């Protein structure tokens with residue numbers, strides 16, 4: 001009888017430990033995904049900040065989106081071959097100086113600032129077409145999946161004309 005009770009206690013303890021272990025593995029995978037997503041976002045923000053100012057407006061919404069694909073380590077894969085092997089899908093967008101200008105006041109009466117742009121990087125922890133649909137759903141409807149992270153930054157024109 002004592003053996004049965006001790007086996008029951010041991011089994012209950014092992015089940016609790018296994019559940020905690022599964023929870024820890026899931027949290028670890030999510031943290032790794034968030035870390036790689038932040039690395040991708042930092043890479044794309046760095047690229048846009050180093051770009052000549054005249055080329056920045058090419059990332060404004062309206063044209064065909066230039067999706068970029070990355071592996072599980074945050075290394076960029078060449079499209080279209082990289083689409084099939086991708087783990088992350090990213091899109092960089094910059095506010096348009098005419099359709100979506102940056103204004104330095106909350107009232108909206110200030111003129112558009114021609115030296116500022118808002119850059120947004122969308123990183124979906126999903127491959128190819130799934131990642132693209134997560135990004136377009138968020139951009140169109142504001143529906144945000146847990147696999148999508150959005151990073152915003154302001155970029156400034158410092159060059160002398």
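The values are calculated or read from the model by the stated rules, or taken from the named source; none is laboratory data. Here the structure is a predicted model, which means the values were calculated and not measured. Here the Cβ positions follow ideal geometry from the backbone for every residue, glycine too, while neighbour counts run over all protein chains shown.
Can you tell me which of 39, 83, 27 is over 16 Å from residue 119 (Cβ atoms), modelled with pLDDT of 90 or more and part of a helix (DSSP H, G or I)? Before you say what the answer is, go through the steps one by one.
Values: 83 fails: modelled with pLDDT of 90 or more; 27 fails: modelled with pLDDT of 90 or more.
Result of the check over 39, 83, 27: 39.
Among the residues that make up the stretch 45-57, is at least one of them crowded, with 16+ Cβ neighbours inside 10 Å, part of a helix (DSSP H, G or I), modelled with pLDDT of 90 or more and in contact with a strand residue (DSSP E or B) (Cβ under 6 Å, 6 or more places away or on another chain)? Before you say what the answer is, go through the steps one by one.
Narrowing the stretch 45-57 to residues crowded, with 16+ Cβ neighbours inside 10 Å: 45, 48, 56.
Filter again for part of a helix (DSSP H, G or I), leaving 45, 48, 56.
With modelled with pLDDT of 90 or more added as a condition, the list becomes 45.
So of that shortlist, the ones also in contact with a strand residue (DSSP E or B) (Cβ under 6 Å, 6 or more places away or on another chain) come out as 45.
Taking every residue of the stretch 45-57 in turn, at least one turns out to be crowded, with 16+ Cβ neighbours inside 10 Å, part of a helix (DSSP H, G or I), modelled with pLDDT of 90 or more and in contact with a strand residue (DSSP E or B) (Cβ under 6 Å, 6 or more places away or on another chain).
Can you confirm whether residue 139 is in a helix (DSSP H, G or I), farther than 21 Å from residue 84 by Cβ, more than 12 Å from the chain's Cα centre (by Cα) and at pLDDT below 85? If you could, list the steps in order and put the result at the bottom.
Working: in a helix (DSSP H, G or I): yes; farther than 21 Å from residue 84 by Cβ: yes; more than 12 Å from the chain's Cα centre (by Cα): yes; at pLDDT below 85: yes.
Judged against the criteria, residue 139 is a match.
For residues that are out of contact with any helix residue (DSSP H, G or I) (no Cβ under 7 Å at 6 or more places or on another chain) and at pLDDT below 75, tally how many sit in the stretch 93-111.
Residues flagged as out of contact with any helix residue (DSSP H, G or I) (no Cβ under 7 Å at 6 or more places or on another chain) and at pLDDT below 75 within the stretch 93-111 amount to 12.
If residue 37 satisfies all but one of (1) surrounded by fewer than 11 Cβ atoms within 10 Å (Cβ to Cβ); (2) under 15 Å from the mean Cα position of the chain (by Cα); (3) under 19 Å from residue 146 (Cα atoms), what's the number of the condition it fails?
(1)
Specify which of the listed residues (132, 118) is touching a strand residue (DSSP E or B) at 6+ places or on another chain (Cβ under 9 Å) and either assigned to a helix (DSSP H, G or I) or buried (at least 16 other Cβ atoms within 10 Å of the Cβ) (or both). So that I can check it myself, show each step before the final result.
Numbers: 118 fails: either assigned to a helix (DSSP H, G or I) or buried (at least 16 other Cβ atoms within 10 Å of the Cβ) (or both).
Only one candidate passes the filter, namely 132.
I'd like to check something: does the stretch 1-17 contain any residue that is free of Cβ contacts under 8 Å to residues at least 40 places away in the same chain, loosely packed, with under 10 Cβ neighbours inside 10 Å and not in a helix (DSSP H, G or I)?
Checked the stretch 1-17: at least one residue is free of Cβ contacts under 8 Å to residues at least 40 places away in the same chain, loosely packed, with under 10 Cβ neighbours inside 10 Å and not in a helix (DSSP H, G or I).
So, residue 90, is that one modelled with pLDDT of 80 or more, under 15 Å from residue 120 (Cβ atoms) and touching a helix residue (DSSP H, G or I) at 6+ places or on another chain (Cβ under 6 Å) or not?
Here the answer is yes, as residue 90 does meet what is asked.
All but one of (1) closer than 16 Å to residue 157 by Cα; (2) at pLDDT 75 or above; (3) over 20 Å from the mean Cα position of the chain (by Cα) hold for residue 118; which doesn't?
(3)
So which of 73, 69 ends up being over 20 Å from residue 140 (Cα atoms), modelled with pLDDT of 75 or more and loosely packed, with under 11 Cβ neighbours inside 10 Å? Step through it out loud before you land on a result.
Values: 69 fails: loosely packed, with under 11 Cβ neighbours inside 10 Å.
Only one candidate passes the filter, namely 73.
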